[in-house]
Amino acid sequence: MGATIYRIVVRGELSQRYLPAFEGMTLATGDGQTAIIGPVIDQAHLHGLLDRVGDLGLELVSVNPAPVPASPAP
Amino acid sequence: MARHLDSLLPPARPTVGTSDPTSTDRADHDPGDPPGPPSPELLWFKLVPPTPRAGLIPRAGLQSLLEAGLEAKLCLLDAPAGSGKTTLLAQWSATAGGGRVAWVSLDEGDNDPTRMWLCVGEALRTVEPGVGTAALQALQRGSVDLQRVLPSLLNDLSKVGSPLVLVLDDYHLVTNGTCHETLSFFLDHLPPSVHVMLATRVDPPLPVARMRATGELKELRVADLQFTGEEAFALLNASMGLQLTAEDVERLMERTEGWPAGLYLAGLSLRGREDPSAFIAAFHGDNRHVADYLAADVLARQPSEVMAFLLRTSVLRRLSGPLCDAVLESAGSAGWLEELERSNLFLVPLDDRRQWYRYHRLFGELLRLELGSREPGLIPALHRRAVAWYRAAGDVDEAIHHATAAGEFGEAGALIASHWLAYWRRGRRATVARWLEELPEEAITADPPVAFVTAWISGASRQERERWLAVVEDATWAGGLPEGISSLAFGAALTRAAVLFDDVGGAVRAARRALELADPQPSPYWWMAQAALGQALYLSGRLSEARPPLEELIARVSAADQPYAVITALAVLSLLADDEDDQTATSLAARAVAIAEVQGLSAEPLCGIVHMAFGRALTRQGNLSQAEEQLEWALELFGIDGMAVHRAHVLLLLVAVYHGHGDLPGARALLQRARELIDQLADPGVLVALLEQSGRMLGSAPRRRIKGAAPLTDRELTVLRLLPTRLSTTEIGHELHVSVNTVRSQVQAVYRKLEVTTRADAVARARQLGLLPGSTQHGP
């Protein structure tokens, strides 16, 4: 069972000091938004990350599994 | 109040080295653990509204919205972190509340129904000292049967004349389903003079849509809580002493969108700046997150000692001078705390004496982030020092939290293994479960004594239990064990014997093995194994062998010391009582139930046999409605697949109840369910014989008259009085604060005793018998 890469977008550009709050994820900023991107093992993990978003007073914009890269050659 | 508050605390722990047989310290890991319960002052401040900071701006518009909220039953303040919910409620409670506000600051530890309602009960008593006495007594004993506790509390509240407001702050920290269900029930039955205000970051799973539709709900949401331009102007200039132009304030409003925490941080950041407009312009033109930008700036502007203090103490959930001194390994923290409060830096005082504080939740998070990026290596050490302090203060719960946070899983495990039994046997299962949840699975796997606790606690799923038992049984472990556990094999055998799974013969062998492996000195665990042996022998049909170990246990052990062992023994002895000896069966089971309630074990799955035995005894006495209640309760405790033998046993006992009701189809359906379940058991033991017996019973006609019948019980009389009305069964349940099923079985009991089959006949017969007043028509 593999993890799914998720892309959680919040409003405002976050500095890298927020990284420890989202262990195992990377932060990509631009256009007044931050994408928190990384592998999510299961729903409990995802909800945990969303709770952190709430704890930090961040405004959630979207949550999406990252698009699967073009289908691997058979 | 202090007397009651003791019960909010972890159960009293025995002193190390006394003769108290419940002492379970794992001596080699846990030498210096101080005796006695933690000091009560650690928790009383949960029931006091945070003191509003000096110089807060009055938010008149919101205050009046809150006032309007009082017209409804429930007022919901539902908005993200930093919206000023707590501040607003504290301000309102200090001014308009008029001493009629019962306040609870919820925290992670309150995600446990018993504890949450203890807090609520105590909070209500700070306003109305007379209410909730009986309810609190029950809760203090650890009773988790809230459907019984809450009606008594509600009844007390209904007698309170003047309006009263219950505030539950930080309700989003509560996620336990039973907490939500019981709060729903409480709201449904709330007397008109009582109002509830909930502050939360997420919509609670309460029937809010329904309440909204019926006008019973008022809401203040994020848009309501945002600052207006005027409020922002007053905050920054009048309250924080800045001299900003209207244009500056407007830009800040734009940038923060009126987010209270953002504006407040901006104010702190602007203090003492030469050119506020330039700072505001730079901030306005920046894309960084408001809190990120400002918090970093505010911190950077503090003297380095202040910053170090803020960052390093941010690992604490609560702060006091002595605790901070210990964590910082310095002196003078009490003075620092006062100073920080004076300069309005993030601190919320928790009491008037200024002994305990906490960080504002959002700022606390920001401080921890900063600490994580500046001094990540220091964090475990800070937590370790907090562990030492909390251990010395006797607060096991906080010590375990910090040990886990420090990554000191071995120490957390040692504390859990030493203290779980004292918590568990006082009905604090949810707290033990939380400790275990916070530990990473690998840490439990690596610590077999903790795996043993997990196997014991881990609820209804057989798979889960088996998984942890496998860890315990396969382990090679050189570390210490809790006192009274001679070996891991003993712990595993004990668990198998008590849980039984689907194999009664296996349980007998496990119990015998546990007793062989046990310490020669009878410990609490030894007696638990003895009780499990008696239970397993009974279930495997070796009735005469079962009796002696249980009788010995009852004779030698006190219920206060060994509640689990004693109630199990009493319950099995009750089940063993001869057909002729209904009196003995009832009195033994009633004793067991009473002890379970006193010790807070009446909702513990491993004690479900108590309700089973009582249900059987009540059935024999002809008290079918109560019998059914007890058996349903037992059935619920035995879960879906976890304790299959017990489950099948209860089903068979319920067959007798349905038979007694005269509900033959229902009884046959139950019998079928029991048969299917028993067919799947590896060793069903005595259940095979009981199954045949039940089958034979259903072959015969139901007894027309119940033995020793049939004056109506008080409850049945109460139901009877509502029968002439047009209330439906559901409505009667509402009226009496009991479940529909209870009403249904009580109504059935009334019909049976009156020998009627319809509601109209019951009313007519009751009037004939003088149980209801003449032919007076009762209103709908």
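Applying the set (1) buried (at least 21 other Cβ atoms within 10 Å of the Cβ); (2) in a helix (DSSP H, G or I) to B:GLY506 leaves exactly one unmet item: (1). Does B:SER587 count as under 25 Å from B:ALA560 (Cα atoms), of a type in the set (Gly, Ala, Ser) and under 24 Å from the mean Cα position of the chain (by Cα)? No; evaluated as a whole, the condition is false for this residue. Could you check, for segment B:179-191, whether at least one of its residues is in a loop (DSSP other than H, G, I, E, B), surrounded by fewer than 19 Cβ atoms within 10 Å (Cβ to Cβ), within 14 Å of another protein chain (Cβ to nearest Cβ) and without any contact (Cβ under 8 Å) to a residue 40 or more places away in the chain? No.
Among the residues of segment B:735-750, how many are without any contact (Cβ under 8 Å) to a residue 24 or more places away in the chain and over 18 Å from B:VAL657 (Cα atoms)? First the steps, then the outcome.
Taking segment B:735-750 first, the residues without any contact (Cβ under 8 Å) to a residue 24 or more places away in the chain are B:735-736, B:740, B:744.
Cutting the leftovers down to over 18 Å from B:VAL657 (Cα atoms) gives us B:735-736.
Matching residues across segment B:735-750 total 2.
Being within 23 Å of B:ARG148 (Cα to Cα) and either surrounded by fewer than 16 Cβ atoms within 10 Å (Cβ to Cβ) or among the charged types (D, E, K, R) (or both) is a property that does not hold for B:GLU247. Annotation: B:ASP519 fulfils all but one of (1) outside any helix (DSSP H, G or I); (2) not assigned by TED's automatic domain parsing to the domain that holds B:ILE609; the unmet one is (2). Please indicate, with yes or no, whether at least one residue in segment B:130-146 is surrounded by 22 or more Cβ atoms within 10 Å (Cβ to Cβ), in contact (Cβ under 8 Å) with a residue 24 or more places away in the chain and of a type in the set (Asp, Glu). Within segment B:130-146, not a single residue is surrounded by 22 or more Cβ atoms within 10 Å (Cβ to Cβ), in contact (Cβ under 8 Å) with a residue 24 or more places away in the chain and of a type in the set (Asp, Glu). Listed by position, the helices (runs of 4 or more DSSP H) enclosed by segment B:656-729 that each have at least 1 residues that are modelled with pLDDT of 90 or more are B:664-680, B:687-699.
Of everything in segment A:14-48 that is more than 25 Å from B:GLY364 (Cβ to Cβ) and facing chain B (nearest Cβ under 8 Å), the residue that is surrounded by the fewest Cβ atoms within 10 Å (Cβ to Cβ) is A:ASP31.
Residues in segment B:163-178 that are part of a helix (DSSP H, G or I), at pLDDT below 90 and either over 18 Å from B:HIS737 (Cβ atoms) or of a type in the set (Phe, Trp, Tyr) (or both): B:GLY177 only. Look at (1) within 14 Å of chain A (Cβ to nearest Cβ); (2) surrounded by 20 or more Cβ atoms within 10 Å (Cβ to Cβ) and you find that B:ASP170 fails only one, number (2).
Scanning segment B:85-114 for residues that are surrounded by fewer than 23 Cβ atoms within 10 Å (Cβ to Cβ) and within 14 Å of another protein chain (Cβ to nearest Cβ), we see that the one that is nearest to B:ALA199 (Cα to Cα) is B:THR86.
The set of residues in segment B:362-391 that are closer than 17 Å to B:SER320 by Cα and within 14 Å of another protein chain (Cβ to nearest Cβ) contains only B:GLY364.
When segment B:375-390 is filtered for residues that are surrounded by 15 or more Cβ atoms within 10 Å (Cβ to Cβ) and among the charged types (D, E, K, R), the ones remaining, listed by number, are B:ARG384, B:ARG385.
For segment B:395-410, the tally of residues that are in contact with a Leu (Cβ under 9 Å, 6 or more places away or on another chain) and in a loop (DSSP other than H, G, I, E, B) stands at 2.
Being more than 27 Å from B:ASN111 (Cα to Cα) and without any contact (Cβ under 8 Å) to a residue 60 or more places away in the chain is the requirement here; does B:VAL432 meet it? Before you say what the answer is, go through the steps one by one.
On the way: more than 27 Å from B:ASN111 (Cα to Cα): no; without any contact (Cβ under 8 Å) to a residue 60 or more places away in the chain: yes.
No.
Residue-level check: of (1) in the same structural domain as B:VAL196 (by TED's automatic domain parsing); (2) modelled with pLDDT under 80, B:LYS73 misses just (2).
Listed here are the residues, each with its yes/no results for (1) charged (D, E, K, R); (2) free of Cβ contacts under 8 Å to residues at least 40 places away in the same chain; (3) within 27 Å of B:LEU570 (Cα to Cα); (4) part of a loop (DSSP other than H, G, I, E, B).
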| position | (1), (2), (3), (4) |
| --- | --- |
| B:GLU466 | yes, yes, no, no |
| B:THR476 | no, yes, no, yes |
| B:ALA511 | no, yes, yes, no |
| B:PRO549 | no, yes, yes, no |
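From the list B:VAL144, B:VAL120, B:VAL104, which one is at pLDDT 90 or above and not in a helix (DSSP H, G or I)? Just one listed residue meets the conditions, B:VAL104. The set of residues in segment A:1-13 being in a strand (DSSP E or B), within 10 Å of chain B (Cβ to nearest Cβ) and in contact with a Leu (Cβ under 8 Å, 6 or more places away or on another chain) consists of A:VAL10, A:ARG11.
Of the helices (runs of 4 or more DSSP H) lying entirely inside segment B:271-361, those carrying at least 3 residues that are away from chain A (no Cβ under 14 Å), under 30 Å from B:ALA246 (Cβ atoms) and free of Cβ contacts under 8 Å to residues at least 12 places away in the same chain are B:276-284. Is segment B:337-347 home to any residue that is within 33 Å of the chain's Cα centre (by Cα) and either farther than 21 Å from B:VAL48 by Cβ or of a type in the set (S, T, N, Q) (or both)? Checking segment B:337-347: not a single residue is within 33 Å of the chain's Cα centre (by Cα) and either farther than 21 Å from B:VAL48 by Cβ or of a type in the set (S, T, N, Q) (or both). Residue pairs whose Cβ atoms lie under 6 Å apart, sitting 6 or more positions apart in sequence or on different chains, and linking a residue in segment A:49-63 that is facing chain B (nearest Cβ under 10 Å) to a partner that is small (Gly, Ala, Ser) and in a helix (DSSP H, G or I), are A:ARG52/A:ALA21; A:GLY57/B:ALA291.
The values are calculated or read from the model by the stated rules, or taken from the named source; none is laboratory data. On a predicted model such as this, the values are computed, not experimentally measured, just so you know. Cβ atoms come from the backbone with ideal geometry, glycine included; neighbour counts cover every protein chain shown.
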